[in-house]
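Okay, so here's the structure we're looking at.
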Amino acid sequence: MLDRFLARLIDGLIVGIPAAILQFIFQAAVGYWAGLFIGGVITAVLALGYFGYLDSNRGQTVGKQVLKLKVVGPDGHSNPTMNESIKRNIWYAFGIVPCLGALAEIASIILIAVNINSDPRRQHWFDKFAGGTQVIKIG
């Protein structure tokens, strides 16, 4: 589970740093609450685009590549489809709602960690929601 956490941390920095810069710019331009909402939308779009594109086209994000992990579709060997990848990462969209969205994201992270630890296939709820995607070690 540590390898998945570290991969997600690397990917979080790749998506989070540009998103934070854009959120800061929008907050300065349109005000705190409007900027917070716009920043949440931008972060969700960046995260879902990043994970959706890389997982569906390569089976790996940069973080997964560094830690030798791969996402596979429900068949157990091919890359997930864009739809499956978006579904397994949909919890990033919770951040669109200021404040409450952050709480929902934290709850999702806890749910994911608990599910990975307790599931024999190491799938979290969002993997199951996506039809049975799975993260596997490849090296």
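Selection of first residues in the stretch 92-107 that are over 11 Å from PHE37 (Cα atoms) and of second residues that are open to solvent by less than 40 Å² (accessible area, probe 1.4 Å) and of a type outside the set (Gly, Ala, Ser), restricted to Cβ pairs under 6 Å at least 6 apart or on distinct chains, gives the following pairs, ordered by first then second residue: TYR92/LEU48.
I need the full set of residues from the stretch 108-119 which are touching a residue at least 40 places away in the same chain (Cβ under 8 Å), surrounded by 12 or more Cβ atoms within 10 Å (Cβ to Cβ) and more than 30 Å from ILE38 (Cα to Cα), in order please. Within the stretch 108-119, ILE116 is the sole residue that qualifies. Selection of the stretch 5-29 for residues being within 17 Å of GLU105 (Cα to Cα) and open to solvent by less than 70 Å² (accessible area, probe 1.4 Å) yields ARG8, ASP11, GLY12, VAL15, GLY16, ALA19, ALA20.
Among the residues making up the stretch 48-69, those that are surrounded by fewer than 20 Cβ atoms within 10 Å (Cβ to Cβ) and of a type in the set (D, E, K, R) are ARG58, LYS68.
Pairing each residue of the stretch 120-138 that is under 20 Å from VAL66 (Cα atoms) and surrounded by fewer than 17 Cβ atoms within 10 Å (Cβ to Cβ) with any residue that is at pLDDT below 95 and among the polar types (S, T, N, Q), provided the two are 6+ apart or on different chains, yields C-beta distances under 9 Å for ARG122/ASN115.
Taking first residues from the stretch 63-86 that are free of Cβ contacts under 8 Å to residues at least 24 places away in the same chain and partners that are surrounded by fewer than 21 Cβ atoms within 10 Å (Cβ to Cβ) and of a type in the set (Val, Ile, Thr), the Cβ contacts under 7 Å between residues at least 6 apart in sequence or on separate chains come to SER78/VAL72.
The values are calculated or read from the model by the stated rules, or taken from the named source; none is laboratory data. Worth saying up front: this structure is predicted, and the values here are computed from it rather than measured. In this analysis, Cβ positions are derived from the backbone assuming ideal geometry, glycine residues included, and neighbour counts consider all displayed protein chains. To get the accessible areas, we keep the full protein, side chains included, count just its heavy atoms, and leave off ligands, DNA and RNA. Shrake-Rupley method; radii C 1.70, N 1.55, O 1.52, S 1.80 Å.
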